[in-house]
1. Quick one: in the stretch 82-112, of everything that is farther than 18 Å from Thr230 by Cβ, touching a helix residue (DSSP H, G or I) at 6+ places or on another chain (Cβ under 6 Å) and at pLDDT 95 or above, which residue is nearest to the ligand (Cβ to nearest atom)?
2. Residues of the stretch 366-392 being touching a helix residue (DSSP H, G or I) at 6+ places or on another chain (Cβ under 7 Å) and not in a helix (DSSP H, G or I), which ones?
3. Any idea which of Asp132, Asp164 is away from the ligand (no atom under 16 Å from the Cβ), under 30 Å from Asn334 (Cα atoms), touching a residue at least 12 places away in the same chain (Cβ under 8 Å) and surrounded by fewer than 18 Cβ atoms within 10 Å (Cβ to Cβ)?
4. Report whether or not Thr147 is farther than 27 Å from Thr350 by Cβ, among the polar types (S, T, N, Q) and more than 11 Å from the ligand (Cβ to nearest atom).
5. Could you check the stretch 349-383 and list, in sequence order, the residues that are farther than 21 Å from Asp338 by Cβ, buried (at least 16 other Cβ atoms within 10 Å of the Cβ) and among the basic types (Lys, Arg)?
6. Please name all residue pairs, on different chains or six or more residues apart, with Cβ atoms under 7 Å, provided the first residue is in the stretch 327-351 and is without any contact (Cβ under 8 Å) to a residue 24 or more places away in the chain and the second residue is part of a loop (DSSP other than H, G, I, E, B) and within 12 Å of the ligand (Cβ to nearest atom).
7. I'd like to verify a number: residues in the stretch 349-384 that are farther than 27 Å from Gly217 by Cβ and of a type in the set (Ser, Thr, Tyr), how many?
8. Go through (1) buried (at least 22 other Cβ atoms within 10 Å of the Cβ); (2) within 16 Å of the ligand (Cβ to nearest atom); (3) among the hydroxyl-bearing types (Ser, Thr, Tyr) one by one and return the number of the condition Thr62 breaks.
Amino acid sequence: MSTWKSRTRAVHSGTRRSQYNEVSEAIFMTQGFVYDTAEQAEARFIETGDDEFIYARYGNPTVRMFEERIAALEGAEDAFATASGMAAINAALTCGLKAGDHVVSGRALFGSCLYILEEILARFGVEVTFVDGTNLDEWRAAVRPDTKVVFFESLSNPTLEVIDIKAVAEIGHSVGATVIVDHVFATPVFQPAIPLGADVVVYSATKHIDGQGRALGGVVLGTKEFIRGTLEPYLKHTGGAMNPHTAWLLLKGLETLELRVGAQAQSALEIAQSIEGHNQLEKVVFPHLPSHPQFDLAKARMEQGGTVLSVVVQGGKEAAFKFLNALEICCISNNLGDAKSIVTHPATTTHQRLSTEQRDELGISDGLVRISVGLEDTNDLIADIKNALSQI
Ligand SMILES: *Cc1c(COP(=O)(O)O)cnc(C)c1O
């Protein structure tokens, strides 16, 4: 099994067959498990074996299959699946922190992650320093002996900054911090984070892992010691466990993940190339375009440039809205990584909560539109986007 390539692991790893030897994974829709004897129940509460379960908030066979499959794909020792990406990120951050601890975080974050760091952790006496994630000098200046966690989005939303995982992990480790990476945009396919030094990798499985808009889910990956020793006690007592039906959908999602995101990323590249320089656009942002500020790093580290591109249309919000409203194939929504192409205007939706100054600092202008490229025909998408641009 250790010699299996990623596509084989995505299809077979973690499979647990029942006595019926089913081909497709069984959905164990149960909250609990019956013990043969009182002695067995007692023994299980003392030590739970590999193929033993107590209560679905702690673990469930279908959920366990998903955890083992994604851990195998990521090259992580273990994983814990959660009800949403935010449940995963909240637990990964909070489980090891206490009042008085210090966290250094990249500034360009998913809105809810920013809320946890700025609002919730602050209330519990955790100090957070934000840095420009692409600036290694800022990371070096921010870490301190009491820095317990270093956190960042490896490929930021929606400006697609590429953070140097290896370099930031080295800085974090120099003070003994745990390096936690929100790796949603990079997916388990484009850039393995653990070999680059990440201690903990977190996904919103709602995005590419499901990839078909059916489920909300999340997962935390790391060493057995972190997942079972630090994270599991926190999660099993605070709730936030994944539903078995969701785990089954996500197992099916993993089977096709590499094929889907590979095709989506190829389309994203072709779209970015074909619209860069368009007279209605100020710029096109995509990590594998030579015009991207971290192009060399993105080429060196990422097999493909990702499934999302951002464009800045000339004419601000009014022009951006005209563009969105004129699209016929791309849906206006706020998910990403989906089979359906989705366009988002971050300034008025996902990043509406931020002040104008905060948005300026992050480069989220009124003309910025995020395009999550789906599985439609590439040429149809290019035609749809060019037609909508012509109507601004
Ligand atoms: C969507 C997303 C999340 C949150 O995930 P949910 O499944 O919506 O809770 C966190 N980080 C990033 C980068 C995301 O895109």
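1. Among those residues, the one meeting the criterion is Met86.
2. Of everything in the stretch 366-392, those that are touching a helix residue (DSSP H, G or I) at 6+ places or on another chain (Cβ under 7 Å) and not in a helix (DSSP H, G or I) turn out to be Asp366, Gly367, Leu368, Val369, Arg370, Val373, Gly374, Leu375, Gln391, Ile392.
3. Working: Asp164 fails: surrounded by fewer than 18 Cβ atoms within 10 Å (Cβ to Cβ).
The conditions single out Asp132.
4. Details: farther than 27 Å from Thr350 by Cβ: yes; among the polar types (S, T, N, Q): yes; more than 11 Å from the ligand (Cβ to nearest atom): yes.
Against the criterion (farther than 27 Å from Thr350 by Cβ, among the polar types (S, T, N, Q) and more than 11 Å from the ligand (Cβ to nearest atom)), Thr147 qualifies.
5. Answer for the stretch 349-383, where residues must be farther than 21 Å from Asp338 by Cβ, buried (at least 16 other Cβ atoms within 10 Å of the Cβ) and among the basic types (Lys, Arg): just Arg359.
6. What qualifies is Asn334/Thr350; Thr349/Asn334.
7. Qualifying residue count, the stretch 349-384: 4.
8. For Thr62, the failing item is (2).
The values are calculated or read from the model by the stated rules, or taken from the named source; none is laboratory data. Worth saying up front: this structure is predicted, and the values here are computed from it rather than measured. Neighbour counts are summed over all protein chains in view; Cβ atoms, including those assigned to glycine, are modelled from backbone coordinates with ideal geometry.
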